[in-house]
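So the structure is just underneath, and the comments pick up after that.
Since every read-out is calculated from the coordinates, none of them should be taken as a lab result. Just so we're clear, the structure is a prediction, and the values are computed from it rather than from any experiment. When we count neighbours, we look across all protein chains shown, and the Cβ atoms used for this are built from the backbone with ideal geometry, even at glycine.
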Amino acid sequence: MSLDQGYGVLKGRVVDRRLEGEEDDSPHYQVHVKADQQDYRLAINVKSVQQPFDLLYFVDNDFKHPITEQLIDELGNNFFGFKYLPSKPGGMALDYIRGNLFDINKMKPLPFNSPGTENDLNEIIDLFIKRAINSNEAVLYAFGEPWGPENKPDKIFRFSPGRGVHNIHMNQGSSGKFGRENGVWQDGGLLIHFPSRNQWIGAFFAFQSQSFHTDDQNGHTLPSVLGTPPLPLDPRTPQIDAEVRIIAALVNPSGDDLSKESVTLMNTSPQPVDLSGWVLADRLKQKHSLNDISLDPGEVVTVPLTGKNAQLGNNGGIITLLNQQGIKVDGVSYTKNDAQKQGWMIVF
């Protein structure tokens, strides 16, 4: 299954917001967005309806990823509104696991409402939303599921007709009644662009009950991790096994020979690791096999790519390392700017 009303991105400008409190059964942080003379409401979950109640979040105040260049290039300066997106790799759709947007180990749980200042999820979101409201140039991109237009005014901001975007969080690895909405390349999130300084803010949310090991076809929790805590070691924080790390890549080799592209790996563990059955995947999920490679503790290997399968584009991309079970071990991204210097390694 997947999101009932489809998936996409809303591009607009923030004009108002509303914080909900304990009196609300399912509190959300509400945002009023204007896009091409139309009004939208963003309903951002800040508390789960099932235990554990605190959401996981990560905010990057200097977000760098090739998707930002895609949003500008493909949507252009004049488009404002909602655009449906295909749920597949290589486009503008978000996937927390496969898109290498950020290190999910940096997601932390936070109550939605606590005494004090800047110590709960409502207040953390409010910091960058108020900044967007006070800016005459900020552009917000909200990823999720649309609703409306409705035959009634919006229940929060009273504009008419009511319409908006919700499910602005990870939309895979869920169980129970929420499992029907699982899917890949349909995760929600917020990106805010401040053009004059070319600064991007990225905000990402997930429920502690969700799994970060999901099937590539349907987004359901992988059978190998069913019945086990989806977030091992610490039940609040996702921990992804990353004994082998991607530490560098030659994306733009001198000359036009793609076979000179390479990815450099390091075994960071105290044990040898056999990479038989492992693969490297590019942004389109084309794969390069790593058979006949074994790494001793601390050993580094540079893997040449053939140019026939996985390829590292010069306009930005992602590189993902998958083990023999198809589970992501490590992932990185690079931008068009990172790849400009011909013959130079990009260090992650």
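Tabulated values for the structure
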quantity: Rounded Å value of the spacing that divides the Cα centres of the stretch 1-25 and the stretch 70-114; calculated: 14
quantity: Bridge type composition, the chain - antiparallel percent by DSSP, nearest 5; calculated: 95
quantity: Length-normalised contact order of the chain in % [C-alpha pairs under 8 Å, at least 6 apart]; calculated: 18
quantity: Cross-link partners of residue 106 among aspartates and glutamates (Cα-Cα below 19 Å; sequence separation of 8 or more within a chain); calculated: 54, 60, 62, 95, 118, 120, 123, 187, 234, 241, 243, 330
quantity: Overall dimensions of the chain as given by Cα atoms, namely Rg and Dmax in Å; calculated: 20.7, 64
quantity: Segments 14-26, 129-141 sorted - mean Cβ within 10 Å per residue, highest first; calculated: 129-141, 14-26
quantity: Dipole of the stretch 143-187 [Lys/Arg +1, Asp/Glu -1 at C-beta], most positive-end residue of 144, 183, 173; calculated: 144
quantity: Part-to-part distance (alpha-carbon centres) for the stretch 124-200 and the stretch 313-327, which is given in Å; calculated: 27
quantity: Mean Cβ neighbour count within 10 Å, used as a protection proxy, ranking 152-165, 33-46 highest first; calculated: 33-46, 152-165
quantity: Least to most buried among 345, 92 (fewest other Cβ within 10 Å first); calculated: 345, 92
quantity: Three-way shape label, the stretch 1-106, alpha-carbon gyration tensor, a/c 1.5; calculated: oblate
quantity: The stretch 244-347 - charge dipole about Cα centre, Lys and Arg +1 at Cβ, Asp and Glu -1, debye rounded to 20; calculated: 380
quantity: Among 273, 316, 5 - extreme Cα towards positive end, dipole of the chain, charges at beta-carbon; calculated: 5
quantity: Charge dipole (debye, nearest 20) of the chain; +1 at Cβ of Lys and Arg, -1 at Cβ of Asp and Glu; calculated: 760
